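Participant: This structure is in structure tokens; I'll ask about it shortly.
The values are calculated or read from the model by the stated rules, or taken from the named source; none is laboratory data. Given the structure is predicted, the values throughout are model-derived calculations rather than measurements. All Cβ positions, glycine included, derive from the backbone under ideal geometry; neighbour counts span all protein chains shown.
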Amino acid sequence: MTDLTRRTLLASGAALPLAATLPRPAAAEAPMMGASFARHRRFMIGGFEVTTILGGTTPREEPQGIFGMNVSPEEFAAVSEANFLSPDVSQFFFTPTVVNTGAELVLFDTGLNGPATTEALAAAGYSPDQIDIVVLTHMHGDHIGGMMTEGAPTFANARYVTGQAEYDFWAAAGNEGFDANVRPMAENMTFLGDGQDVVSGITGMAAFGHTPGHMVYRLESEGAGLVIFADLANHPVWSLARPDWEVRFDADKAMAAESRRRILGMIAADRIPAVGYHMPFPAVGYVDTGRDGAEFRWVPEAGQLMG
């Protein structure tokens, strides 16, 4: 066998990179794994531990059938292009939030269905029986769908809290989802009005319009704050940034726009973080004043809450 050394290679004028002279392992084909997300994001707000959980995500075609229904297709396309968005398809996210106050484990909204929410909770380290309080921001199906699993309460040890105006509306509406998921819990439910507390440090705030009794919730702990704004704004650009753009799912579109402007203005002025149920996961960010024709701007959290 030829003694192939650096000296003989140099002497022969055939010097090759050393790596080219070494045996190589057989290349293994790695399978494509597909797109993925972490299933939760956990951080502290004062003494409260807050966890957002990904309860589901799905694409929706023709987003102007949902957002910006009162603007021209040309304006919708121009705003979309300026923000790197497709005017043809949008990705929807569904993000319940868990707050551990140190005394209670509070779940805000129950997601699309029981199994999906239970799976998302498990990925974050929780089981349904640990939930002490379930807060319903409003009663659209993607917020109440997880209350029951195969006809039994998903959160067997929880009590329920929701806005009085919201409950009263749906109780009289003859809605199938309400009747199946919410009405059975009526005897274990507490009703709130604007400015009333779920527990100390978690306060409900009226933000009507998306539904007749839609509420958002402000957390205050050890001088820190956060707003869980649910469906106040359903997209960072097509809804939050432009509060007057009409959203198909808003029951009272003028009132919803007024609520957006009022609550988002408060969040921006107080410079506190926020969680939006349909914001891009992990759904945590800040609200700033807008630019380039937008009234507000969603600023995704970028490590400020890591400490």
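Participant: Would you check which residues across the range 267-292 are surrounded by fewer than 16 Cβ atoms within 10 Å (Cβ to Cβ) and either out of contact with any helix residue (DSSP H, G or I) (no Cβ under 8 Å at 6 or more places or on another chain) or of a type in the set (V, I, T) (or both) and list them?
Facilitator: Correct list: A269, D270, R271, T289, R291.
Participant: A follow-up question, please. Can you tell me which residue is nearest to W298 (Cα to Cα) among those in the range 74-122 that are more than 16 Å from the chain's Cα centre (by Cα), part of a loop (DSSP other than H, G, I, E, B) and not aliphatic (A, V, I, L, M)?
Facilitator: For the range 74-122, the residue satisfying everything is N83.
Participant: Right, here's the next one. Go through G111, G146, G55 for me and flag whichever is surrounded by 15 or more Cβ atoms within 10 Å (Cβ to Cβ), on the phi > 0 side of the Ramachandran plot and modelled with pLDDT of 95 or more. Steps first, answer last, please.
Facilitator: Details: G146 fails: on the phi > 0 side of the Ramachandran plot; G55 fails: on the phi > 0 side of the Ramachandran plot.
Only one candidate passes the filter, namely G111.
Participant: Right, another one. Name the one entry in A206, A251 that is in contact with an Asp or Glu (Cβ under 7 Å, 6 or more places away or on another chain), surrounded by fewer than 22 Cβ atoms within 10 Å (Cβ to Cβ) and closer than 24 Å to Q164 by Cβ. Explain how you work it out, then say what you get.
Facilitator: Numbers: A251 fails: in contact with an Asp or Glu (Cβ under 7 Å, 6 or more places away or on another chain).
Just a single option satisfies the conditions, and that option is A206.
Participant: Residues that are under 27 Å from D270 (Cβ atoms), part of a strand (DSSP E or B) and touching a strand residue (DSSP E or B) at 6+ places or on another chain (Cβ under 9 Å): does the range 236-247 have at least one?
Facilitator: Among the residues of the range 236-247, at least one is under 27 Å from D270 (Cβ atoms), part of a strand (DSSP E or B) and touching a strand residue (DSSP E or B) at 6+ places or on another chain (Cβ under 9 Å), which makes the answer yes.
Participant: Which condition does A180 not pass, out of (1) part of a loop (DSSP other than H, G, I, E, B); (2) closer than 21 Å to N113 by Cα; (3) among the small types (G, A, S), if it passes all the others?
Facilitator: (1)
Participant: Could you tell me which numbered condition S127 fails, if it satisfies all but one of (1) out of contact with any Asp or Glu (no Cβ under 9 Å at 6 or more places or on another chain); (2) closer than 25 Å to A103 by Cβ; (3) touching a residue at least 12 places away in the same chain (Cβ under 8 Å)?
Facilitator: With respect to (1) out of contact with any Asp or Glu (no Cβ under 9 Å at 6 or more places or on another chain); (2) closer than 25 Å to A103 by Cβ; (3) touching a residue at least 12 places away in the same chain (Cβ under 8 Å), S127 is out only on (3).
Participant: In this structure, does G303 turn out to be without any contact (Cβ under 8 Å) to a residue 24 or more places away in the chain and under 18 Å from the mean Cα position of the chain (by Cα)? Write out each step before concluding.
Facilitator: Details: without any contact (Cβ under 8 Å) to a residue 24 or more places away in the chain: yes; under 18 Å from the mean Cα position of the chain (by Cα): yes.
Taking the combined requirement at face value, the residue satisfies it.
Participant: Please state which of the following conditions A11 fails to meet, knowing it meets all the rest: (1) modelled with pLDDT under 95; (2) under 22 Å from A230 (Cβ atoms).
Facilitator: (2)
Participant: What residue, among those in the range 179-203 that are buried (at least 19 other Cβ atoms within 10 Å of the Cβ) and hydrophobic (A, V, I, L, M, F, W, C), is farthest from G102 (Cα to Cα)?
Facilitator: Among those residues, the one meeting the criterion is V182.
Participant: Okay, next question. Can you name the number of the only condition in (1) in contact (Cβ under 8 Å) with a residue 40 or more places away in the chain; (2) closer than 13 Å to V275 by Cβ that E246 fails?
Facilitator: (2)
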